[in-house]
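Remarks on the structure that follows.
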Amino acid sequence: MKNKIISDLHALEIKDIIENEPLYKHTTFKVGGPALVFIEAHSFNDVTKTIDYALQYHIKYLIIGNGSNILVSDKLFQGIVISTKYLNSFELNDNYVYAMCGVNLIALAYHTAQASLSGMEFASGIPGCIGGSVFMNAGAYKKEMADIIKEVLVYDNHQLKWLDKAELAFSYRHSIFQERRDMVILAVNLELEFACKEKIMELIETRKQKRQATQPYDAFCAGSTFKNPSIDTSSWQLIDEANLRGYKINDAQVSMKHSNFIINRDRASAKDVYDLINLVKKRVQEKANITLHVEVELINFE
Ligand SMILES: Cc1cc2nc3c(=O)[nH]c(=O)nc-3n(C[C@H](O)[C@H](O)[C@H](O)COP(=O)(O)OP(=O)(O)OC[C@H]3O[C@@H](n4cnc5c(N)ncnc54)[C@H](O)[C@@H]3O)c2cc1C
């Protein structure tokens, strides 16, 4: 199967193909088994041709950005993983920004700030790409992607089309793409506002310091593990009340710095992290009778 996929993709002129690529190299948790076939997309065509091919032959596929919100299992991913990191061009036009799905959110937040554009301050510490951030409706400090998205270019049912924000069903850490996993985000148009550059940079700097003081930003992790159950209830508090701050399963640990972050101290497997997630859920359910829902996407556990 692998050799046929690779030769078919070569015939479609897809160049950057790697076999048995370890996925831990492409996730911020630094865990995950190999992908049968891994491609680095360099054009929208690379993405759309690969997806058309995968659909035609019923081959499983997964599209990733920076891998900063995924927990990939240790077993072989029996299909094609498409990395979008090289689809990273963007353009500023007045207060509008066109950005391809692989654009790094932090880099874009700093770039727009330097252009005196306000709106992306919340994103200046979120280590994702545009595609994954739209998929997750990533957010912080009461702002989220939905606040700045104007429209999204998608590949849907073999067609390219622009969808307006109103069609994207955004809510807390949710977008339509979580139900429509067959749709791929290729690019976005963002709408920002002109403001004082110094004020924007000051806000970014204050938040950076706050993050560094309160989150294990330099550990292998995927940000918040669980969604907050409600505006008034934080997952970290429930986890603390269940006495789990610092709890470990092998090298997977509930962070001492922020208990809604699970970190890989060095050599954790995806199973260690997965088992710890389930243990936290179980203990919080027993203690507080509240069901925690994972914010991190679990990949290839079925
Ligand atoms: C230290 C740290 C801090 C973080 N802080 C925050 C925070 O403050 N707020 C927050 O919301 N998140 C935070 N995160 C989580 C994460 O950075 C965000 O969710 C980010 O938006 C994910 O983007 P990504 O490119 O890494 O997505 P990935 O992890 O690569 O993918 C996430 C999901 O999106 C899908 N996807 C990716 N690209 C596409 C595409 N082009 N089309 C369709 N589907 C796609 C993937 O299949 C997957 O299901 C943090 C993570 C870390 C490690």
What residue, of S83, S124, S43, is closer than 30 Å to K2 by Cα and open to solvent by less than 30 Å² (accessible area, probe 1.4 Å)? S83
State all residues of the range 94-127 that are within 17 Å of E144 (Cβ to Cβ) and of a type outside the set (A, V, I, L, M); if no residue qualifies, say none. T112, S118, G119, E121, F122, S124, G125, P127
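Please determine, by comparing only the residues of the range 155-178 that are open to solvent by less than 70 Å² (accessible area, probe 1.4 Å) and in contact with a strand residue (DSSP E or B) (Cβ under 6 Å, 6 or more places away or on another chain), which one is nearest to L117 (Cα to Cα). Write out each step before concluding.
Restricting attention to the range 155-178, the residues satisfying the condition of being open to solvent by less than 70 Å² (accessible area, probe 1.4 Å) are 155-156, 163, 168-171, 173-178.
Next cut, in contact with a strand residue (DSSP E or B) (Cβ under 6 Å, 6 or more places away or on another chain) only: 155, 163.
Numbers: Y155: 29, L163: 24 Å.
Out of the qualifying residues, it is L163.
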Of the listed residues (T206, T225), the one being within 14 Å of the ligand (Cβ to nearest atom) and either at pLDDT 95 or above or assigned by TED's automatic domain parsing to the domain that holds R283 (or both) is T225
Qualifying residues in the range 14-28 (those that are open to solvent by less than 60 Å² (accessible area, probe 1.4 Å) and over 25 Å from T48 (Cβ atoms)) - the one farthest from the ligand (Cβ to nearest atom): P22
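Return yes or no: is A195 of a type outside the set (F, W, Y), out of contact with any Cys (no Cβ under 7 Å at 6 or more places or on another chain), over 21 Å from S133 (Cβ atoms) and away from the ligand (no atom under 16 Å from the Cβ)?
Here the answer is yes, as A195 does meet what is asked.
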Leading residue by the ranking (nearest to the ligand (Cβ to nearest atom)) among those in the range 156-176 that are assigned to a loop (DSSP other than H, G, I, E, B) and of a type in the set (A, V, I, L, M): L168
Any residue at all in the range 137-147 that's exposed (fewer than 15 other Cβ atoms within 10 Å of the Cβ) and away from the ligand (no atom under 12 Å from the Cβ)? no
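What do you reckon, is Y274 modelled with pLDDT of 95 or more and open to solvent by 50 Å² or more (accessible area, probe 1.4 Å)? Explain how you work it out, then say what you get.
On the way: modelled with pLDDT of 95 or more: yes; open to solvent by 50 Å² or more (accessible area, probe 1.4 Å): yes.
Judged against the criteria, Y274 is a match.
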How many residues are in contact with a strand residue (DSSP E or B) (Cβ under 7 Å, 6 or more places away or on another chain) and in a loop (DSSP other than H, G, I, E, B) when one looks only at the range 226-263? 7
Residue under question is Y61, and the condition is that it be open to solvent by 10 Å² or more (accessible area, probe 1.4 Å), without any contact (Cβ under 8 Å) to a residue 60 or more places away in the chain, more than 12 Å from the ligand (Cβ to nearest atom) and not assigned by TED's automatic domain parsing to the domain that holds G128; does it hold? no
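The values are calculated or read from the model by the stated rules, or taken from the named source; none is laboratory data. Since the structure is predicted, the reported quantities are computational estimates derived from the model, not experimental observations. Glycine gets a Cβ as well: all are built from the backbone with ideal geometry, and neighbour counts include every protein chain shown. Surface areas here come from the heavy atoms of the whole protein model, side chains and all, with no ligands, DNA or RNA. Shrake-Rupley method; radii C 1.70, N 1.55, O 1.52, S 1.80 Å.
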